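For reference, the structure discussed in these notes is given below.
The values are calculated or read from the model by the stated rules, or taken from the named source; none is laboratory data. These numbers were taken from a predicted model, which means no experiment stands behind them. Positions of Cβ are generated from backbone atoms using ideal geometry, with glycine treated the same way; all protein chains shown enter the neighbour counts. Side chains are part of the model used for accessible areas, which takes the heavy atoms of the whole protein and leaves out ligands, DNA and RNA. Shrake-Rupley method; radii C 1.70, N 1.55, O 1.52, S 1.80 Å.
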Amino acid sequence: MLSLLGFATIAIFLILIITKRLSVITALVLVPVLMGFLAGFSPKELGDMILAGIKQVAPTGILLMFAVLYFGTMLDAGLFDPIIAAIIRFVKGDPLKVLLGTAVLTMIVHLDGDGTATFMIVMSAFLPIYKRLGINRLILTGIVALSVGPLHLVPWSGTSARAISTLKTDATQLFNPNIPAIVAGMAWVLFVAYWFGLKERKRLGISNLNYAHEESLTDEQRQFRRPRLFWVNAILTIGLITTLMKGWVPAPALFVSAAIVALLINYPRLTDQQKVLRSHGNNIFMVSSMIFAAGVFSGILTGGKMIDAMATSVVSLIPQQHAAWLPTLTAITSMPASLLFTPDAYYFGVVPILSQTATQFGIDPLEIGRAALLGQMTVGFPVSPLTASTFLLVGLAEVDLGDHQKFILKWAFGTTLVMTLAALLTGSIHL
């Protein structure tokens with residue numbers, strides 16, 4: 001009975017958000033509460049489950065809130081402006097260098113884990129260059145899409161945050177073992193950029209180009225730039241990332257402190273701080289509220305023993321001799337799954353079942369999370385029609401979504417395969 005109700009909860013949740021009948025936040029709360037009542041739980045029992053779930057995801061919610069604020073502050077202060085300008089000076093009018101520069105800049109900017117911000121920054125910097133040189137704009141959207149994929153595994157991205165909260169773990173346990181896979185994915189992306197660059201150089205040749213990134217900034221963006229604090233911000237960011245990867249300080253506490261320090265250093269005036277907070281407030285609220293709503297969902301499914309019952313049902317269908325393949329199969333199917341499932345549907349609906357099933361076969365459930373992150377709404381999100389930022393990417397470049405998918409989908413799947421191989425070789429996941 002509990003197994004049936006659990007699968008029904010997930011199925012109804014998926015249907016409601018895929019058909020856009022309810023918002024993700026509403027569905028995450030309403031569906032499990034109603035199914036909990038159908039399962040016979042009292043309001044008091046459901047309340048305790050919800051509170052337990054919220055407590056589990058609270059550190060992740062705090063991490064996301066202040067990570068968005070930190071990197072938003074760094075973008076406003078212009079930390080990446082010299083890098084952008086240097087890359088543009090380097091690429092000049094050589095299509096090969098332009099494509100490699102596009103990949104490198106996208107990876108650097110996407111350290112904030114925000115696809116929308118990355119697309120806006122990179123497209124505003126490089127779209128005029130592509131137009132002026134006559135480079136195929138499908139290559140621009142394709143290289144940008146590929147480049148954000150491996151970097152979207154950073155623990156403060158929305159996708160990683162979902163995995164962290166679902167598996168009730170911390171950033172270091174899920175992220176650090178995947179670092180070799182991330183590096184392999186980045187190398188693959190640079191190879192693809194080099195390949196396309198050679199073809200475009202052969203087609204177009206090399207020409208002279210004069211373009212200044214500073215001229216593309218709005219007056220408001222110039223107002224918030226802090227070029228004199230570049231090295232202070234750079235040292236602060238390097239220290240933050242190093243501390244995070246080493247696990248010296250819990251990630252939520254680290255980002256709370258770093259965000260406040262960054263805000264005070266760059267914008268000591270209260271009015272400027274308020275403007276920065278307002279400009280990023282919508283992103284902060286949407287991400288953090290989704291995480292706490294997910295706590296309600298996972299709290300009821302876990303506290304009501306539905307996850308355990310569903311996993312038992314799935315275990316009975318998997319031959320014992322094939323159980324070890326579960327993490328690898330999860331990794332290989334993760335990127336195509338981005339075309340079928342939203343990140344909320346996959347990480348809150350599918351991953352809990354897979355991870356609990358893995359546990360019953362003696363497999364570390366964190367391997368399922370690491371495997372899922374190798375493609376599902378990381379490599380896959382910039383080609384998925386289920387994410388709004390994909391439409392922003394193709395819209396800014398003025399290309400058709402279908403053409404974009406047809407052009408880059410196989411290369412995106414190649415990224416996931418390369419990262420999966422690296423994960424297997426380094427022990428992030430096992431056969």
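Results, tabulated for the structure shown:
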| quantity | calculated |
| --- | --- |
| Top-ranked residue of region 320-343 - restricted to ones that are open to solvent by less than 10 Å² (accessible area, probe 1.4 Å) and either of a type in the set (Val, Ile, Thr) or closer than 17 Å to LYS168 by Cβ (or both), ranked as farthest from the chain's Cα centre (by Cα) | THR328 |
| Scope region 86-123; condition of a type in the set (Lys, Arg) and either in a helix (DSSP H, G or I) or farther than 20 Å from SER207 by Cβ (or both); matching residues | ARG89, LYS97 |
| Restricting region 1-28 to residues that are small (Gly, Ala, Ser) and open to solvent by less than 40 Å² (accessible area, probe 1.4 Å), the residue that is farthest from THR302 (Cα to Cα) | ALA27 |
| Residue in region 47-61 that is touching a His at 6+ places or on another chain (Cβ under 9 Å), closer than 23 Å to VAL256 by Cα, open to solvent by 30 Å² or more (accessible area, probe 1.4 Å) and at pLDDT 85 or above present | no |
| Filter pass, THR159 being in a loop (DSSP other than H, G, I, E, B) and either open to solvent by less than 50 Å² (accessible area, probe 1.4 Å) or touching a helix residue (DSSP H, G or I) at 6+ places or on another chain (Cβ under 7 Å) (or both) | no |
| Selection count where residues are of a type in the set (Gly, Ala, Ser) and buried (at least 24 other Cβ atoms within 10 Å of the Cβ), scope region 62-76 | 1 |
| Pairs, first of a type in the set (Gly, Ala, Ser) in region 204-232, second open to solvent by 50 Å² or more (accessible area, probe 1.4 Å) and at pLDDT 70 or above, C-beta under 7 Å, six or more apart | SER216/SER124 |
| Options PHE37, PHE41; residue that is surrounded by fewer than 21 Cβ atoms within 10 Å (Cβ to Cβ) and in a helix (DSSP H, G or I) | PHE37 |
| Pairs with Cβ under 8 Å, 6+ apart, first in region 9-26 and free of Cβ contacts under 8 Å to residues at least 60 places away in the same chain, second of a type outside the set (A, V, I, L, M, F, W, C) | ILE15/ARG21 |
| VAL148 assigned to a helix (DSSP H, G or I), more than 21 Å from VAL68 (Cα to Cα) and β-branched (Val, Ile, Thr) | no |
| Region 380-411, subset β-branched (Val, Ile, Thr), touching a Leu at 6+ places or on another chain (Cβ under 8 Å) and under 21 Å from ASP344 (Cα atoms), residue surrounded by the most Cβ atoms within 10 Å (Cβ to Cβ) | VAL383 |
| Any chance ALA259 is in contact with a helix residue (DSSP H, G or I) (Cβ under 8 Å, 6 or more places away or on another chain), in contact (Cβ under 8 Å) with a residue 60 or more places away in the chain, surrounded by 15 or more Cβ atoms within 10 Å (Cβ to Cβ) and over 16 Å from THR73 (Cβ atoms) | no |
| Considering residues of region 354-376 that are open to solvent by 20 Å² or more (accessible area, probe 1.4 Å) and either hydrophobic (A, V, I, L, M, F, W, C) or over 21 Å from THR172 (Cα atoms) (or both) only, the residue modelled with the highest pLDDT | LEU366 |
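A quick yes/no check of all residues on (1) out of contact with any His (no Cβ under 9 Å at 6 or more places or on another chain); (2) of a type in the set (Lys, Arg):
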{"residue": "LEU14", "(1), (2)": "yes, no"}
{"residue": "LYS20", "(1), (2)": "yes, yes"}
{"residue": "ALA39", "(1), (2)": "yes, no"}
{"residue": "LYS44", "(1), (2)": "yes, yes"}
{"residue": "PHE66", "(1), (2)": "yes, no"}
{"residue": "LEU69", "(1), (2)": "no, no"}
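A quick yes/no check of all residues on (1) over 30 Å from LEU424 (Cβ atoms); (2) modelled with pLDDT of 85 or more:
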{"site": "GLY158", "(1), (2)": "no, no"}
{"site": "ALA161", "(1), (2)": "no, no"}
{"site": "THR172", "(1), (2)": "no, no"}
{"site": "ASN176", "(1), (2)": "no, yes"}
{"site": "ALA187", "(1), (2)": "no, yes"}
{"site": "TYR194", "(1), (2)": "no, yes"}
{"site": "GLU200", "(1), (2)": "yes, yes"}
{"site": "ILE206", "(1), (2)": "yes, no"}
{"site": "SER216", "(1), (2)": "yes, no"}
